[in-house]
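Worksheet: the structure to be examined is printed underneath.
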């Protein structure tokens with residue numbers, strides 16, 4: 001079994017499912033995470049509820065998979081800490097998945113796009129720029145985003161008639177450009193089920209990492225680091 005954590009957005013969840021690539025959607029159980037009060041962290045309690053509902057023992061978990069980011073700062077940090085502790089205690093690997101890949105796979109799972117479609121994902125909007133990534137057709141073990149960059153609208157990469165997955169913070173100028181180019185905008189709705197689906201492919205391709213090497217993916221250099229470089233003249 002593989003344990004999956006998806007905490008990059010307000011609607012968070014955890015899931016456990018069969019690790020086989022041939023497993024179907026019925027071989028997966030999910031549990032919502034209570035995010036109504038950010039002072040109450042529900043990740044570990046949700047995992048306990050999940051294991052109880054699914055009748056899964058910790059000894060059955062062979063890997064922990066999670067959305068690596070970009071996404072909500074606190075949610076991603078909490079998920080990484082929980083995943084690292086669980087993986088370390090059970091001596092199992094982590095499956096570290098880009099938020100862009102999770103976004104597309106979650107959309108595939110509910111039938112919004114097909115697996116063979118190329119999708120662009122825009123996250124972490126700031127002013128007139130977004131972190132963007134291209135996610136092409138997933139093949140065996142090929143679950144890495146392409147053309148990853150922070151772009152402004154002058155660097156618009158999506159062809160006419162394409163598909164864009166974005167959250168509610170997508171700049172209005174980007175929405176207007178998408179309408180002009182007949183680009184479909186799908187809401188960003190990542191799920192732990194999407195994480196499980198990608199993890200199955202990556203496990204089959206032996207694409208895992210160790211707990212100490214799993215770091216949150218940030219869309220931009222932290223402001224404190226940028227200012228420090230500016231003041232001290234470091235590259």
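General observations
- The set of residues from segment 17-53 being more than 26 Å from residue 124 (Cα to Cα), surrounded by fewer than 18 Cβ atoms within 10 Å (Cβ to Cβ) and modelled with pLDDT of 90 or more comprises 18, 20, 44, 45, 48, 49, 52, 53.
- Restricting 119, 95, 101, 85 to those that are surrounded by fewer than 24 Cβ atoms within 10 Å (Cβ to Cβ) and at pLDDT 95 or above reduces the list to 85.
- Among the criteria (1) modelled with pLDDT of 95 or more; (2) within 16 Å of the chain's Cα centre (by Cα); (3) outside the structural domain of residue 207 (by TED's automatic domain parsing), the one residue 112 does not fulfil is (2).
- Elements of type helices (runs of 4 or more DSSP H) in segment 138-235, at least 1 residues being in contact with a strand residue (DSSP E or B) (Cβ under 6 Å, 6 or more places away or on another chain) and either modelled with pLDDT of 95 or more or under 19 Å from residue 8 (Cβ atoms) (or both): 172-180, 192-204
- Qualifying residue in segment 119-137 (condition: assigned to a loop (DSSP other than H, G, I, E, B) and under 20 Å from the mean Cα position of the chain (by Cα)): yes
- With respect to (1) in contact (Cβ under 8 Å) with a residue 60 or more places away in the chain; (2) more than 12 Å from the chain's Cα centre (by Cα); (3) in a strand (DSSP E or B), the lone exception for residue 29 is condition (1).
The values are calculated or read from the model by the stated rules, or taken from the named source; none is laboratory data. Only a predicted model underlies this, so the values are computations on that prediction, with no experimental measurement involved. Heads up, the Cβs are rebuilt from the backbone with ideal geometry, glycines too, and the neighbour counts pull from every protein chain shown.
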